[in-house]
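Have a look at the structure below, then the notes.
The values are calculated or read from the model by the stated rules, or taken from the named source; none is laboratory data. Given the structure is predicted, the values throughout are model-derived calculations rather than measurements. Note: ideal-geometry Cβ built from the backbone for every residue, glycine included; neighbour counts use all protein chains shown. Ligands, DNA and RNA are stripped out before the accessible areas are found, and what is left, the full protein with its side chains, is counted by its heavy atoms. Shrake-Rupley method; radii C 1.70, N 1.55, O 1.52, S 1.80 Å.
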Amino acid sequence: MARILILAGTTEATELAAALVADGHEVTSSLAGVTRSPSPRAGAVRRGGFGGVVGLDAYLRDHDIEVLVDATHPFAAVMPFHAVDAAAASGVPTCRLLRAPWTPVSGDAWHPVPTMEAAPDELRRLDARRVFLAVGRQSAAVFAECADMWFLVRAIEPPAGEWAEVVLQRGPFGLDDEIALLREHLVDTMVVKNSGGTATSAKLDAARRCGVRVVVVERPPQPDTLTFESVSAVAQWCQRLSK
Ligand code: NAP
């Protein structure tokens, strides 16, 4: 059995910790410390940044980590690169757990943008008036200066300032609730990150049903590393490594 560090912060990371602990591994999940009340999970937990590649490399060595799994969010733009570099420096096998992105289906009105910063201009181009920002607290800050639109923000913790109406909720979200939210607030346009996965995909089904346009922010670049889309595939790889 192996001593495994999971770079966490996603639903899959929590599921992976449970699977690896059940397989008998010694698991530590690392959280950035962004959310004050993270979900409980199997195994040990540490919180806070490592201090860049050098800090993560030192952590891997100091704690005799044998496998590093990067299960951070598809929109974590920095940590996946640090994971690859630190694992190479310390000689620890590593992989990325990355869920598949969403793809549009018939009836969707998707408007892709390459970055969150490009989304406000796309909203203006679409003449959006009532916008649901399903992008998380930190990303929502990009829209704080758009005084010409009304915003609804859904997040686990409230964003700074008073520029938007706020719904404090943690996923997963059901289709009926998503439809009710869109109708209650007369939403005409939604902004989402192309996170993929099932925990938050109901909002896309709801948008299709309600005729709401969706500005879809594409994912940031990912490092060239061994990548799995499912928790079970990572768990099998860890089993193979520890034999
Ligand atoms: P990021 O831009 O890739 O990382 C920024 C810095 O945060 C890293 O350099 C690292 O600091 C620290 N960090 C990130 N993930 C960490 C982890 N799991 N454990 C310890 N330190 C971590 O990441 P982010 O977008 O700020 O996301 C932070 C966390 O929130 C991640 O765990 C991610 O999975 C989760 N999350 C992000 C999003 C999103 O949309 N970005 C959505 C949901 C959840 P050091 O350099 O000091 O080590």
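Summed over region 1-27, residues that are under 16 Å from P74 (Cβ atoms) and assigned to a strand (DSSP E or B) total 2. Counting only strands (runs of 3 or more DSSP E) wholly contained in region 164-237, the ones carrying 1 or more residues that are open to solvent by 40 Å² or more (accessible area, probe 1.4 Å) occupy 165-168, 213-217.
Annotation: of all residues in region 104-141 being aliphatic (A, V, I, L, M), more than 17 Å from the chain's Cα centre (by Cα) and within 16 Å of the ligand (Cβ to nearest atom), the one that is surrounded by the fewest Cβ atoms within 10 Å (Cβ to Cβ) is A118. Within region 80-94, restricting attention to residues that are out of contact with any strand residue (DSSP E or B) (no Cβ under 6 Å at 6 or more places or on another chain) and either in a loop (DSSP other than H, G, I, E, B) or near the ligand (Cβ under 7 Å from one of its atoms) (or both), the residue that is least open to solvent (accessible area, probe 1.4 Å) is H82. The one condition from (1) free of Cβ contacts under 8 Å to residues at least 60 places away in the same chain; (2) part of a strand (DSSP E or B); (3) buried (at least 20 other Cβ atoms within 10 Å of the Cβ); (4) more than 10 Å from the ligand (Cβ to nearest atom) that S30 does not meet is (4). Note on region 33-59: residues that are near the ligand (Cβ under 10 Å from one of its atoms) and at pLDDT below 95 amount to 4. Put simply, of V21, V67 the only residue that is open to solvent by less than 40 Å² (accessible area, probe 1.4 Å) and away from the ligand (no atom under 15 Å from the Cβ) is V67.
Of all residue pairs spaced 6 or more apart or on separate chains, those with beta-carbon atoms under 6 Å, a first member in region 198-226 that is touching a residue at least 40 places away in the same chain (Cβ under 8 Å) and a second member that is among the aromatic types (F, W, Y) and surrounded by 16 or more Cβ atoms within 10 Å (Cβ to Cβ) are V214/W110; V216/W110; P223/F81.
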